[in-house]
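**Q** One structure coming up, written as structure tokens, with questions to follow.
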Amino acid sequence: MSRSEQLFQQAQGFIPGGVNSPVRAFKAVGGTPLFIERAQGAYVYDADAKRYIDYVLSWGPMILGHAHPEVVAAVVEKARQGLSFGAPTEIETALAGKICAIVPGMDLVRFVNSGTEATMSAIRLARGFTGRDKIIKFEGCYHGHSDSLLIKAGSGALTLGVPSSPGVPAALAEHTITLTYNDSEGLERAFADIGDQVAGVIVEPVAGNMNCVPPVPGFLQTLRQLCDDCGALLIIDEVMTGFRLGLAGAQGHYGVTADITTLGKVIGGGMPVGAFGGRRDVMEQIAPLGPIYQAGTLSGNPVAMAAGLKNLELISRPGFYEPVFARTDALMQGLRERAAAAGIGFTTNHVGSMFGVFFTDAATVTNYEQVMACDGERFNRFFHAMLDAGVYLAPAAFEAGFMSAAHSGEDIQFTLDAAERAFATLA
Ligand code: PLP
């Protein structure tokens, strides 16, 4: 029995399913999850000391690669001064100022501890600001596990075949309308029907929780226009895309600005940090300035802020993103070529340093229906062949993959060689 198998068995004695977040359990792909002991740069090392090239990157945050020495040093130095005070600290303003300077339309920002908290708070803010109850979201998009948003959600929930969770009151669920991603006409119809009741629309600007599905041209722009016409707030959920598609995130990439932006993952550099922010008049409704309540014992934690700030400093350096994007391009092109040579129906999507692989005969994948029609069983076999070869992909066909600045040309070549062998076993 491997050490990961032993540890997984022990964990199941105390933790539901042995994991603290469902998708980690390898339920979709089968087998035993890797228990990770340490990580450095582009690699994670499991409890059996086996090395893997890591394209999960803690589900996105580690854009610099793991355990970057300057980030670790900033964390250690800050920790020496005390772990948490529950009082304001200078470093919160430093990180807030940096985020407001970079993220489009971000006049004010409030820190929280996770992406879930950020989107949950953004929804309350949109409802409180507009005095309306209805929220629009899109099938296959995931925005964390709060009640209003766990309605036909993707990510772990989709992977487990639980589109919406028991425990979410039906009376609340009826205020969330789920539409089809990349369907501008459906959106226009919905707004024509109920636009004046909509508090906000929340969208993943690149859907990363149904694999990786970029917006078709015009989709985000239509969304922006309809929100403006109806007085609804546009919430762009950049928890995954923020600082990953470039410094200005998806909003910079696609030229669309939110009323409220939600952030997480990269802004914490691997520590638990989320944030929501945007238009001054909207954010001024948050307590203590306004009546809409939101709070957090550990929010703005100085050690987490130190990780986030150092992370953002390092990725703000000129020329940081280009090589990461070029490696992502090269990996996707190489995978498509090798799959084609093996006669496997396969395609990829990628934007910036985020990517998705699809086992399908379709030339392009632009919506949830197409994602669901992909060959999941083939993905699972591919996943395990890659894992055996020392390449760690997300353990579910519905999750995006990520590239870091630590992935080298050799890592890409190693991955492509492994993929060539894996594709050969799938034919
Ligand atoms: N929003 C998006 C787009 C996400 O991808 C996620 C998590 O993957 C969340 C929100 C929830 O973030 P967290 O897991 O930090 O609560």
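**Q** How big is the equivalent ellipsoid of the range 106-156 along its three axes, where each semi-axis is √(5λ) from the Cα gyration tensor, reported in whole Å from largest to smallest?
**A** Here the semi-axes work out to 19, 15, 9 Å.
**Q** If you split all Cα-Cα distances of the range 195-239 into 10 Å bins from zero, what percentages do you get per bin, shortest first?
**A** Values per bin, smallest distances first: 28, 49, 22, 1.
**Q** What residue among V273, L149, T178 has its Cα farthest toward the positive end of the dipole of the range 69-315, where the charges are +1 on Lys, Arg and -1 on Asp, Glu, each on the Cβ?
**A** My answer, from the dipole projection, is V273.
**Q** Which number comes out as Rg/Rh for the chain once both Rg and the Kirkwood Rh are worked out on C-alpha atoms?
**A** Rg/Rh for the chain comes to 0.95.
**Q** Moving on. Stokes-Einstein D for the range 1-132 at 37 °C, 0.692 mPa s, Kirkwood Rh over Cα pairs, in µm²/s?
**A** Calculated translational D: 177 µm²/s.
**Q** Can you tell me, using C-alpha contacts under 8 Å and at least 6 residues apart, the relative contact order of the range 69-315 as a whole percent?
**A** Averaging sequence separation for qualifying contacts and normalising by length gives 30 percent for the range 69-315.
**Q** Show E337, E117 ordered by accessible area, largest first, where the area counts protein heavy atoms only and the probe is 1.4 Å.
**A** The ordering from most to least exposed comes out as E337, E117.
**Q** Along each principal axis of its Cα atoms, how long is the range 260-329 end to end? Whole angstroms, biggest number first, please.
**A** Taking the Cα atoms of the range 260-329, the three principal extents are 47, 26, 18 Å.
**Q** Continuing with the same structure: What's the Cα-based Rg to Rh of the range 239-282, Rh via Kirkwood?
**A** Ratio of gyration radius to Kirkwood radius: 0.98.
**Q** Scattering from the C-alpha atoms of the range 312-359 alone, worked out with Debye: what is log10 I(q)/I(0) at q = 0.13, 0.18, 0.30 1/Å?
**A** -0.37, -0.59, -1.05
**Q** Considering only Cα-Cα distances, which of the following residue pairs are longer than 27 Å: K78/K265; K98/K265; K137/K310?
**A** K137/K310
**Q** Taking only the alpha carbons of the range 281-427, what extent do you get along each of the three principal axes, in Å, biggest first?
**A** 61, 35, 26
**Q** Could you tell me how far the Cα centroid of the range 1-80 sits from the Cα centroid of the range 357-427, in Å?
**A** 19 Å
**Q** For the chain, what is the relative contact order in percent, using Cα pairs closer than 8 Å and at least 6 residues apart in sequence?
**A** The normalised contact order for the chain reaches 22 percent.
**Q** For the range 69-315, taking Cα atoms only, what is the radius of gyration to one decimal and the Dmax to the nearest whole Å?
**A** Radius of gyration, then largest Cα-Cα span, for the range 69-315: 17.6, 57 Å.
**Q** Indicate, rounded to the nearest 5 percent, the antiparallel portion of the DSSP beta bridges found entirely in the chain. Intermediate values should be presented prior to the final figure.
**A** Details: 25 of 43 bridges.
If we restrict to bridges inside the chain, about 60 percent are antiparallel.
**Q** Where the centre of each part is set by its Cα atoms, how far does the range 251-324 sit from the range 104-130, in angstrom?
**A** Comparing the Cα centres of the range 251-324 and the range 104-130, I get a distance of 10 Å.
**Q** Using a 10 angstrom Cβ neighbour count of at most 12 plus a DSSP loop assignment to flag exposed chymotrypsin sites (Phe, Trp or Tyr not before Pro), which longest range of the chain is free of such sites?
**A** Numbers: sites that count: F14, F85, Y293.
In the chain, the maximal stretch lacking such sites is 86-292.
**Q** Which length gain, in nm to one decimal place, applies between I15 and V72 when the Cα-Cα distance is subtracted from 0.36 nm times their residue separation?
**A** 17.7 nm
**Q** Probe radius 1.4 Å, ligands and nucleic acids ignored: give me the carbon and sulfur share of the accessible area of the chain as a rounded percent. The partial results should precede the final answer.
**A** Details: 9050 of 17170 Å².
Carbon-and-sulfur percentage of accessible area, whole number: 53.
The values are calculated or read from the model by the stated rules, or taken from the named source; none is laboratory data. Just so it is clear, the model here is predicted, and its values are computed rather than measured. Please note: Cβ atoms are built from the backbone with ideal geometry, for glycine as well, and neighbour counts cover all protein chains shown. The protein model used for the area step is the full one, side chains on, heavy atoms only, and it has no ligands, DNA or RNA in it. Shrake-Rupley method; radii C 1.70, N 1.55, O 1.52, S 1.80 Å.
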